[in-house]
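The values are calculated or read from the model by the stated rules, or taken from the named source; none is laboratory data. Values in this document were obtained by computation on a predicted structure and should not be read as measured data. Positions of Cβ are backbone-derived with ideal geometry, glycine not excepted, and every protein chain shown enters the neighbour counts.
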Amino acid sequence: MSARLKGKVAIVTGGNSGIGKATAHLFAQEGAKVVIMARREEEGAQVQDAINSEGGEATFIRCDVSDSSAVDSAVEAAVSKYGTINILFNNAGGGAGENFPNEGDEGWDWVINVNLSGTFYMSRAVWPHLVDAGGGAIVNNSSIAAVIGFSKNMYDITGRTPSSSYYVAKAGVEAFTRYTSSTGGQHNIRVNCVRPGQILTPGATGGREHHYFKPIFDLSQILDGPGYPEDVANLVLFLVSDESRFITGEIINIDGGTPRKL
């Protein structure tokens, strides 16, 4: 590896599995000290130990990103250990199994809080430390759900879509990316966003060998799928490295080419 992140301290939320886990490993391989934040302690500790056993440096700090007080405490713990923060990957997220109009308040609130409010809480807590460090990079994780629609035939293929709360939350993440990139410019803080499509993560497969919405992706993707967490991790690495020093406020698709965006 080229040690593109040597001397940097990076926080990865949802770093205990899927895209977050792959990104935490890649950041460490590139020289960063990685703080893994997630709710599930056993999985988080396993990622921490795996990175450390490979010669990297990682620390797991339990954090529920939907709880602003927990986020503030976790960020302060990270700064107490490493002295600074240079990079934030807002990856934690999730969807609900309900579809509008049969969505309850609880599912709606949970999805909005984890995906959108969690991105806000983490960015707000990390921001002053990025300013103190003379700048830094934030990457937010959106979804193709933020910009796509679906027909009745598409719905009938799988019998479901992501919840409306997930569509709304991810669209909000993209709007928040544009806003914070605007305010971050004067502090040398770059904020970008990745927009994954068919990526095989535990949450997107539910233990199966394929994505929940594989039949729809098979119809709409230009490239043969699927993608993998490492594909997204490589893009995130580019966006937090100096190689992307002149890029901010961008939402970058990583979806195999999906022409059905609205």
Of everything in the stretch 11-51 that's in contact with a Lys or Arg (Cβ under 7 Å, 6 or more places away or on another chain) and touching a residue at least 60 places away in the same chain (Cβ under 8 Å), which residue is surrounded by the most Cβ atoms within 10 Å (Cβ to Cβ)? Gly15
I'd like the residue in the stretch 150-204 that is basic (Lys, Arg) and at pLDDT 95 or above and, out of all such residues, is farthest from Glu250 (Cα to Cα). Lys170
Just to verify a result, which residue in the stretch 37-67, among those that are acidic (Asp, Glu) and within 18 Å of Ala22 (Cβ to Cβ), is farthest from the chain's Cα centre (by Cα)? Glu54
In the stretch 206-228, which residues are under 30 Å from Leu5 (Cβ atoms) and in contact with a Pro (Cβ under 9 Å, 6 or more places away or on another chain)? His211, Gly227
Could you please give the count of residues in the stretch 19-42 that are modelled with pLDDT under 95 and in a helix (DSSP H, G or I)? 2
Residues located in the stretch 236-262, provided they are surrounded by 13 or more Cβ atoms within 10 Å (Cβ to Cβ), of a type in the set (A, V, I, L, M, F, W, C) and more than 18 Å from Ser143 (Cα to Cα): Phe238, Val240, Ile247
